[in-house]
1. Placing +1 on the Cβ of each Lys and Arg and -1 on the Cβ of each Asp and Glu in region 28-252, which of 210, 134, 114 has its Cα farthest towards the positive end of the resulting dipole?
2. What number, rounded to the nearest 500 deg cm²/dmol, is the helix-based mean residue ellipticity at 222 nm of the chain, given -39500 (n - 2.57) per DSSP H run of at least four residues and division by all its residues?
3. Can you give me the relative contact order of region 28-252 as a percent, contacts being Cα pairs under 8 Å and 6 or more apart?
4. At 0.36 nm per residue, minus the direct Cα-Cα distance, what do residue 133 and residue 246 gain on full extension? Give it in nm, one decimal, please.
5. Please enumerate, by chain and number, the lysines with C-alpha under 20 Å from the C-alpha of residue 178, excluding those fewer than 8 residues away in the same chain.
6. With charges set only on the Cβ (+1 for Lys and Arg, -1 for Asp and Glu), what does the dipole of region 28-252 come to about its Cα centre, in debye to the nearest 20?
7. If you work out Cα extents along the principal axes in Å from the coordinates, which of (i) 55, 40, 31; (ii) 58, 35, 35; (iii) 51, 41, 36 do you get?
8. Taking the Cβ-Cβ separation of residue 159 and residue 115 as r and a Förster radius of 25 Å, what is the calculated FRET efficiency to the nearest 0.05?
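Values in this text are rule-based calculations from the coordinates and carry no lab data. These numbers were taken from a predicted model, which means no experiment stands behind them. Cβ atoms come from the backbone with ideal geometry, glycine included; neighbour counts cover every protein chain shown.
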Amino acid sequence: MKHLIFITAMISVLFADTLNISAQPVSATEIIRKADEKFKGEKSSFSVMSMTIIRPSWKRTVEFKSWTFGSGYALALITAPAKDVGQSFLKRNQEMWSWNPAISRLIKLPPSMMSQGWMGSDYTNDDILKESSIVEDYTHEIIGEENIGDRLCYKIKMLAKEDAAIVWGHQIRWVDKKDLLFLKAELYDEDGYLVRTETGSDIKEMDGRLIPCRLELLPAEEKGNKTIVEIKEIRFNISINEDYFSQQNMKMIR
């Protein structure tokens, strides 16, 4: 959802009119910033998504809604399957909680849980709740150009800053040069080993901008595992503020 909410995203989002892409950004950091804003919204967003978790012997689908405001606030609500309906996840700056209505239990999530799988998927809590920032927590360098399908992309290496509290040592991202879309990402651990690959496809116009509506995540060392996120609806820069992201609202949101 850091990608999905809430994977969300990533889970991330086309601005012909909004951002005026006639003047292409020149620095790697600006490319990443604008591509990130395009996927998440410059100020806020609301999305409806489904996430299919695939394992060698089973698969299941989770449906959810996600709200974001800036980089500090996120709220995700599970809407299916029935046994999970009403579970919600909240981020307010550096603090995060989960709410389970079945047992009326509110849990504060410690930083150590950010790398754990969200709802049993290959996406992490951090991906969905966006604790880390691909803009602020990395340095960025254009290392080439490469085609993903029929789209020519910037190939950008993102190296984690020394003081950043993130699990990835570095990332490589492919960003479409024409529309500034994230089309592929490779995420590596601190020792330089590839951990997972994410691709974006099924590009559609939603709320006035093009976005990849299908995100597919493949773990590098777990054969047969896969998580697919499909964006059903997304709206950008909605009327919302930080007051919406409260513990009270996460228990009542529908």
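1. 210
2. -2500 deg cm²/dmol
3. This gives 22 percent for region 28-252.
4. Once the chain is fully extended between residue 133 and residue 246, it gains 38.5 nm.
5. Excluding near neighbours in sequence, the set is 34, 38, 40, 155, 157, 204.
6. 820 debye
7. The value matching this structure is (iii).
8. 0.85
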